[in-house]
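Asker: Here it is: the structure, laid out below.
The values are calculated or read from the model by the stated rules, or taken from the named source; none is laboratory data. In this text, all values refer to a predicted model and were calculated from it rather than measured experimentally. Using ideal geometry, Cβ is built from the backbone for each residue, glycine included, and neighbour counts are taken over all protein chains shown. Side chains are part of the model used for accessible areas, which takes the heavy atoms of the whole protein and leaves out ligands, DNA and RNA. Shrake-Rupley method; radii C 1.70, N 1.55, O 1.52, S 1.80 Å.
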Amino acid sequence: MRTEAPLLTIRNMVIDGFSDERWHEIIKGVDLTLHKGEVLGLIGESGAGKSTLGLAAMGFARPGCRLTSGEIAFDGIDLMSASEAAKQKLRGARIAYVAQSAAAAFNPAHTLLEQTIEASVRHGLMDAGEAADYARELYAAMDLPDPENIGDRYPHQVSGGQLQRAMTAMAMASKPDLIIFDEPTTALDVTTQVNVLAAMRKAIKLFGTAAIYITHDLAVVAQMADRIKVLRYGEEVEEATTEKMMSAPEHPYTKSLWAVRSIQKPGQSSEDHILSIENVTAAYGKLNVLHNVNITVPRGKTVAIVGESGSGKSTTARVITGLLPPKSGSVNFNGETLPEALSGRSIDQLRRIQMIYQMADTAMNPRQTVREIIGRPVEFYLGKRGREVDQRVSELLGLIELDDSFMDRLPGELSGGQKQRICIARALAADPELIICDEVTSALDQIVQEGILKLLMNLQERLGLSYIFITHDIATVRAIADEVVVMLEGQVVEQGLKEDIFEPPFPEYTDLLLSSVPLMETGWLDRTIAARSS
């Protein structure tokens, strides 16, 4: 039983959101208490209000939302009545925020170091030299390569996983009292995630920092949080210590969260290959990033490409689509060698291979309606016009289990799962034969993930599609893949049927990947770190 005053108290919080030309409640009278050095996990499916409540802890409401009523007190400061200037003094100094998408959060025109030290210098907490020295210490703690110099790079010059770690370092740079982590490891591969989680927890304990950890990954929250609060539709479902919540959740909804990911597709192969990558070497500038890569994709099947950040997964996709011409080797589709560069391919060759991206938020134009987003490839690839386009868009919405009421909505009016479904429909609009799915479920909660995976499997069976599924989520691989390709440092370690790849004994690197998948058990992270350091 804690006796000291809490660092953060939220009482009877009501937050409204504006949609369909009216205000409606999205957070409905939620309470929250957090003490110094304590970590509270917030979980729930998409639209539950996790991020909205986390931002409210900073006295902030995102555009289209308003803090309607209730109390927010941070270390005795009333954030509901405080001026915007007073709240700005707290943000970045005593309260920090780590967003889900580091790529969208960083300014591409400034170096990592400039952005890491900005808040500390601006708030007068350190001078530029002290802040830079401390930033380099944090880069090392975050297990970033070349911590003394990586801060001189720009955001586009590091991998997605490295950028997310740099963002966590940026949040910790001012030694805040409270950090809101909003899905901070979603974009990370499992091996990197272990190190980042350990570094986060170490920093939290070292500085006595309190944290709100927002996530849809139940196994991750079990390693980070002291307590877990479950939200649904803006209301609290239940709250308990992590150990109790993991071992004996009480509410039926919480139990349903624990039971997701029941899909286990048996792997199947075929000698009929729709795609073959033969002896491909590719480079960025003078640096080779793919080394003699060979991959085959059976027709109508799913090949998952797994590996840690920087292993060459997404670069392989860029070679297949023609965005990165290889230095040597070939990409063969339906027995035909494709032109190396995108500009050399015919419209029909482009049509047959489509891609779905990780972040639906940044993959769609926020000013275009669903009708325009899906309709444009219908016009470009199939030559349809006018009413024919609307008819095809309607058919595609039906395929992704949405109705025509979505046609005139903008991306900002859609949930995360709905946005990804629209991206799937946009890919289908070209009537492709092969779809490359690049981390398409990593940003989604587990219930929505399961729905997207089932949708993709149903579409594959119905339309005879072939998939390349780039992912760091082994649970996703087990659910959807027929074959697995394991990549490391731009090379293929092994390829084979899923059951064969996941059957011991494993090659050393595959063993590392599989052992890095968090288990829904408290203490898993401690045991994993201890085993690797022994």
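Asker: Looking for something under 24 Å from the mean Cα position of the chain (by Cα) and among the aliphatic types (A, V, I, L, M) - is there at least one such residue anywhere in region 309-318?
Answerer: Yes - at least one qualifying residue is present in region 309-318.
Asker: Also, I was wondering about something else. May I ask you to list the residues in region 126-139 that are surrounded by fewer than 16 Cβ atoms within 10 Å (Cβ to Cβ) and outside any helix (DSSP H, G or I)?
Answerer: ASP127, the sole residue that qualifies.
Asker: Give, as residue ranges, the helices (runs of 4 or more DSSP H) completely inside region 281-385 that count at least 2 residues that are open to solvent by 10 Å² or more (accessible area, probe 1.4 Å), free of Cβ contacts under 8 Å to residues at least 60 places away in the same chain and of a type outside the set (Val, Ile, Thr).
Answerer: Where helices (runs of 4 or more DSSP H) fall fully within region 281-385 and carry at least 2 residues being open to solvent by 10 Å² or more (accessible area, probe 1.4 Å), free of Cβ contacts under 8 Å to residues at least 60 places away in the same chain and of a type outside the set (Val, Ile, Thr), they are 347-352, 370-382.
Asker: Checking ASN334 against (1) touching a Leu at 6+ places or on another chain (Cβ under 7 Å); (2) over 19 Å from THR471 (Cα atoms); (3) at pLDDT 90 or above, which test does it fail?
Answerer: (1)
Asker: Here is a follow-up. Quickly run through region 19-38 and pick out the residues that are closer than 19 Å to GLY412 by Cβ, open to solvent by less than 80 Å² (accessible area, probe 1.4 Å) and without any contact (Cβ under 8 Å) to a residue 60 or more places away in the chain.
Answerer: Matches in region 19-38: HIS24 only.
Asker: State which residue pairs qualify: first residue on the phi > 0 side of the Ramachandran plot and buried (at least 16 other Cβ atoms within 10 Å of the Cβ) and inside region 512-534, second residue modelled with pLDDT of 85 or more and polar (S, T, N, Q) in any location, beta carbons under 8 Å apart, and separation of 6 or more residues or different chains.
Answerer: Qualifying pairs under 8 Å: none.
Asker: Taking the options GLY92, GLY70, name whichever one is closer than 24 Å to MET13 by Cα and crowded, with 18+ Cβ neighbours inside 10 Å.
Answerer: GLY92
Asker: So which residues in region 138-182 are in contact with a Ser or Thr (Cβ under 8 Å, 6 or more places away or on another chain) and modelled with pLDDT under 85?
Answerer: Correct list: MET142, ASP143, SER159, GLY160, GLY161, GLN162, GLN164, ARG165.
Asker: Scanning region 235-261 for residues that are of a type in the set (Gly, Ala, Ser) and free of Cβ contacts under 8 Å to residues at least 60 places away in the same chain, which turns out surrounded by the most Cβ atoms within 10 Å (Cβ to Cβ)?
Answerer: Top of the filtered list is ALA240.
Asker: Also: Could you please find all residues in region 95-110 being surrounded by fewer than 17 Cβ atoms within 10 Å (Cβ to Cβ) and assigned to a loop (DSSP other than H, G, I, E, B)?
Answerer: Correct list: ASN107, PRO108, ALA109, HIS110.
Asker: Kindly provide the set of residues from region 202-234 that are open to solvent by 30 Å² or more (accessible area, probe 1.4 Å) and in a helix (DSSP H, G or I), ordered by number.
Answerer: Residues satisfying the conditions are LYS202, LYS205, LEU206, PHE207.
Asker: Something else about it: Are there strands (runs of 3 or more DSSP E) fully within region 1-71 with at least 3 residues that are aliphatic (A, V, I, L, M) and more than 22 Å from HIS251 (Cα to Cα)? List them. Before you say what the answer is, go through the steps one by one.
Answerer: On the way: elements: 8-19, 22-34, 39-43.
The qualifying strands (runs of 3 or more DSSP E) are 8-19.
Asker: Next question. Filter region 437-449 for residues that are buried (at least 24 other Cβ atoms within 10 Å of the Cβ) and in a helix (DSSP H, G or I) and give the result.
Answerer: Of everything in region 437-449, just one residue is buried (at least 24 other Cβ atoms within 10 Å of the Cβ) and in a helix (DSSP H, G or I), namely GLN449.
Asker: If you don't mind, there's one more thing I want to ask. Could you check how many residues of region 140-156 are open to solvent by less than 50 Å² (accessible area, probe 1.4 Å) and under 21 Å from the mean Cα position of the chain (by Cα)?
Answerer: 3
The rows are residues; the columns are (1) aliphatic (A, V, I, L, M); (2) in contact with a strand residue (DSSP E or B) (Cβ under 8 Å, 6 or more places away or on another chain); (3) in a helix (DSSP H, G or I); (4) open to solvent by less than 20 Å² (accessible area, probe 1.4 Å).
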position	(1), (2), (3), (4)
ASP408	no, no, no, no
GLN420	no, yes, yes, yes
ALA425	yes, no, yes, yes
PRO432	no, yes, no, yes
ILE435	yes, yes, no, yes
GLY451	no, no, yes, no
PHE469	no, yes, no, yes
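Asker: Criterion first (more than 26 Å from the chain's Cα centre (by Cα) and charged (D, E, K, R)) does GLU372 satisfy it?
Answerer: Spelling it out, it is not the case that GLU372 is more than 26 Å from the chain's Cα centre (by Cα) and charged (D, E, K, R).
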